[in-house]
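A.B. asks: Take this structure first; my questions come after.
The values are calculated or read from the model by the stated rules, or taken from the named source; none is laboratory data. The model shown is predicted, which means the values in this text are computed figures rather than measured ones. Here the Cβ positions follow ideal geometry from the backbone for every residue, glycine too, while neighbour counts run over all protein chains shown.
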Amino acid sequence: MPCGRTGDKCVITFSPDGKQVLRSCDVLLADGHSKFITELFDAATGHRLWAIYETRSYIEPHINKFSGDGTRLANGRGHAVNIRDAATGTCLSKVTIPSTGIWALSSDGTKLATIPCRYFHNPTQHPPHLHRIRISDIATGSYRCLENMFDSYYCSSITFSPDDGYIVLMSNNYLFPNNYTCIVHAATGALLKRLVGFECSGLRIAGLQTSHGIYDTQALLDDPRGRIEYNSNDILEGTLSGIGITSERDWITKNGKPFLWIPPEDRRIHSLDQYNRNIAIAGNTIAFYYPTGQIYCIRLCSSSAGCNRPVYSSVNEFNTFLLSPTTRQT
């Protein structure tokens, strides 16, 4: 993917179907000036489909979000979020949010959920109403605030469910090593479930993606417990699927069961990003970050192929590759 010399701010996002890659980064142009560029590439060929140049920002974080159907794109930083046509990059509308914070685009691309930034807000110094989840209608500019929850003071990530019926708040940062996740009803703001220690990364079509596998969302909502702690409460049989890793980082799991043992010397797994998401899972592949700057990956055979063993027999035989600081946030 051709580009000028990039700085230390780089965000890379795949489209929902995985066919395009969106990159936002600082770039040094041929004339010596620095700009912030957002560009969309064809993932298979590397061909650049479009590019947008903006004034460089040294402070504000840049966030990119696709709608669930991939037709809309929300990108921006600070108080402004641009809603773009994903095919052309054309700005369709602009949403102003009340405070620098984190936000999520609904799956149908019509709503934006925002929460003010971030970890160090003091409830005694910041009015509680500023920390409510705010849902804006992109077409009309109108908004509504959901019921205030103390959890939102420490929220590090937010996402909509595929049907936009639920919002998930995640606190996966170093201030809260247990990592909690709250499932909220999008229409009423009611807190439906609080999960502790699941290390969630968002709702997926199959369920809630966690570091331990994909948890059936309906099973979570049907569970009578308002608070569920991983490893300290009974997990219903059959509700976890896919691959994951145990909290102690000693086993790769498959369908919630220990599958591949990790030797003690290979358990020094660090965070993949600033939200302390320790692992990344895509299909039957799991990746985690080492303090040496390496990303370790392991791919398990597909169950449909009738394979019951991993591609590599031990962690020492994982495929590894080095990432530069600009791409480590991928």
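A.B. asks: Can you pull out the residues in the range 256-280 that are out of contact with any His (no Cβ under 9 Å at 6 or more places or on another chain), modelled with pLDDT of 70 or more and part of a loop (DSSP other than H, G, I, E, B)?
C.D. replies: Within the range 256-280, 262, 263 meet the criteria.
A.B. asks: If you go through the range 30-73 one residue at a time, how many are at pLDDT below 85, of a type in the set (Gly, Ala, Ser) and within 27 Å of residue 158 (Cα to Cα)?
C.D. replies: 3
A.B. asks: Filtering the range 240-255 down to residues that are outside any strand (DSSP E or B) and either modelled with pLDDT of 80 or more or in the same structural domain as residue 197 (by TED's automatic domain parsing) (or both), which residue is nearest to residue 286 (Cα to Cα)?
C.D. replies: Keep residues of the range 240-255 that are outside any strand (DSSP E or B), which gives 242, 246-250, 255.
Now narrow it down to the ones that are either modelled with pLDDT of 80 or more or in the same structural domain as residue 197 (by TED's automatic domain parsing) (or both): 242, 250, 255.
Working: 242: 10, 250: 14, 255: 14 Å.
The qualifying residue nearest to residue 286 (Cα to Cα) is 242.
A.B. asks: Looking at the range 171-187, which of the residues that are part of a loop (DSSP other than H, G, I, E, B) and modelled with pLDDT of 75 or more is surrounded by the fewest Cβ atoms within 10 Å (Cβ to Cβ)?
C.D. replies: To start, the set of residues in the range 171-187 that are part of a loop (DSSP other than H, G, I, E, B) comprises 172-179, 186-187.
This time we only want the ones that are modelled with pLDDT of 75 or more, so: 186-187.
Working: 186: 19, 187: 13.
Top of the filtered list is 187.
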